[in-house]
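The values are calculated or read from the model by the stated rules, or taken from the named source; none is laboratory data. The shown structure was predicted, so the numbers you read here are calculated from the model rather than taken from an experiment. Note that each Cβ is placed from the backbone with ideal geometry, even for glycine, and that neighbours are counted across all protein chains shown.
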Amino acid sequence: MIAGMPRQPHRPPPLRGRLFHGPTAVTKGQLTRAQLRSSAWRPVIRGVYVDSTIPPSHELSCRAVAKYLLPDSGAIAGHSAATLLGPGLNDDSAPVEVLVPRPVGRTWFVPRTAGIVAHTATFPPSDVRTVRGMPVTTPLRTCWDLTQWSTPEDAVVVLDRFLRLGLVTPPELADHGRARRERTGTRGTRRFARAVAWADGRSESPQESRLRMAIVLGGLPKPDLQVQVHDSAGFIGRVDLAYEALRIAIEYDGAWHASLDQLQKDRRRLNRLQAAGWLVIHVTADRLRHDRPTLLAEIRAAIRSRR
């Protein structure tokens with residue numbers, strides 16, 4: 001080692017770029033306990049480590065749970081399953097949701113394990129598929145579970161995305177609800193049916209879904225989605241949510257304008273909407289998160305004024 005140069009962490013070739021079970025690596029003599037605590041490795045979940053050059057991700061956490069902690073008949077489920085199936089809505093630090101059979105033989109596993117949220121249920125093997133080498137609940141099973149475990153808003157966000165991506169269809173969701181009711185009775189089926197009725201694959205983003213659910217759960221009429229607006233000069237544009245008969249548009253403002261050109265286009269579009277008799281209500285992420293009562297009151301007043 002050159003004097004003054006920092007010492008490189010010890011990375012045995014068999015562990016480079018990989019997930020591994022820390023205590024097993026120590027037992028095999030691949031690492032000492034002190035080396036396991038070095039900057040070369042990063043803990044992922046209880047007892048499981050990864051080469052620190054591998055960036056963190058929710059999929060990596062799921063892989064650690066599936067490989068080292070999940071019972072043989074268990075599966076990645078809930079929001080974690082939704083992330084692996086396509087929508088990618090979980091952030092890196094979110095806990096891994098799993099579904100394990102009832103009763104689970106390995107009682108050491110689960111609810112108390114940090115970073116894991118475990119649910120127990122009786123479920124057939126057909127409710128699980130393999131995704132990138134991991135057992136994951138199917139899209140239909142994931143939709144069912146999320147309507148039982150999550151708030152209506154969170155569940156509909158995922159159902160909207162599944163419908164938009166074609167992972168499920170409205171007839172499949174309806175058939176699944178009927179089959180559940182015939183097989184197990186009404187428990188959970190009303191929650192599922194309500195979420196399915198609210199879901200809409202035309203929603204273009206999770207925040208649009210949340211805005212629509214805030215309106216519906218706030219007792220207001222369900223708005224239509226992606227409404228095309230025209231004036232005498234032709235097509236103006238599509239509005240996120242609208243009460244078309246009343247000419248009320250509700251627009252979610254995401255990331256701010258990337259350029260002056262885009263800002264000018266947005267302003268011209270807004271001017272044309274207003275000239276065509278449309279009332280436009282803009283909603284920001286901060287307002288949707290922290291100011292829902294005032295927002296709903298504003299929409300309610302707009303509906304009253306237009307009626």
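Considering LEU217, LEU263, LEU241, which residue is among the hydrophobic types (A, V, I, L, M, F, W, C) and either touching a His at 6+ places or on another chain (Cβ under 9 Å) or free of Cβ contacts under 8 Å to residues at least 12 places away in the same chain (or both)? Break it down into steps so the answer makes sense when it comes.
Numbers: LEU217 fails: either touching a His at 6+ places or on another chain (Cβ under 9 Å) or free of Cβ contacts under 8 Å to residues at least 12 places away in the same chain (or both); LEU241 fails: either touching a His at 6+ places or on another chain (Cβ under 9 Å) or free of Cβ contacts under 8 Å to residues at least 12 places away in the same chain (or both).
Matching residue, one of LEU217, LEU263, LEU241: LEU263.
Taking helices (runs of 4 or more DSSP H) that do not extend beyond the range 1-82, which have at least 1 residues that are surrounded by 15 or more Cβ atoms within 10 Å (Cβ to Cβ) and among the basic types (Lys, Arg)?
Details: elements: 22-27, 33-36, 58-68.
The qualifying helices (runs of 4 or more DSSP H) are 58-68.
On the basis of being closer than 22 Å to PRO87 by Cα and among the small types (Gly, Ala, Ser), does GLY219 make the cut?
Numbers: closer than 22 Å to PRO87 by Cα: no; among the small types (Gly, Ala, Ser): yes.
The answer is no for GLY219.
Could you grab me the full set of residues in the range 177-188 that are part of a helix (DSSP H, G or I) and either crowded, with 19+ Cβ neighbours inside 10 Å or of a type in the set (Gly, Ala, Ser) (or both)? Lay out the reasoning, then the answer.
Start the filter on the range 177-188 by keeping residues that are part of a helix (DSSP H, G or I), which leaves 177-184.
GLY177, ALA179 - these are the residues of the range 177-188 that are part of a helix (DSSP H, G or I) and either crowded, with 19+ Cβ neighbours inside 10 Å or of a type in the set (Gly, Ala, Ser) (or both).
Return the residue satisfying two criteria in turn: it lies in the range 189-213 and is part of a loop (DSSP other than H, G, I, E, B) and touching a Lys or Arg at 6+ places or on another chain (Cβ under 8 Å), and of such residues it is surrounded by the fewest Cβ atoms within 10 Å (Cβ to Cβ). Don't jump to the end; show me each part of the working.
Here is the first cut: in the range 189-213, the ones part of a loop (DSSP other than H, G, I, E, B) are 199-205.
Narrowing further to those that are touching a Lys or Arg at 6+ places or on another chain (Cβ under 8 Å): 200-204.
Working: ASP200: 19, GLY201: 18, ARG202: 14, SER203: 25, GLU204: 16.
It comes out as ARG202.
For the range 86-99, which residues satisfy the criterion of being hydrophobic (A, V, I, L, M, F, W, C) and either in contact with a Cys (Cβ under 6 Å, 6 or more places away or on another chain) or crowded, with 22+ Cβ neighbours inside 10 Å (or both)?
First, pick out the residues of the range 86-99 that are hydrophobic (A, V, I, L, M, F, W, C): 89, 94, 96, 98-99.
Residues satisfying the conditions are VAL96, VAL98, LEU99.
Between a residue in the range 31-44 that is under 20 Å from LEU60 (Cα atoms) and any residue that is among the aromatic types (Phe, Trp, Tyr) and at pLDDT 95 or above, which pairs come within a Cβ distance under 9 Å, given they are 6 or more apart or on different chains?
LEU36/TYR49; TRP41/PHE20; TRP41/TYR49; ARG42/TYR49; PRO43/TYR49
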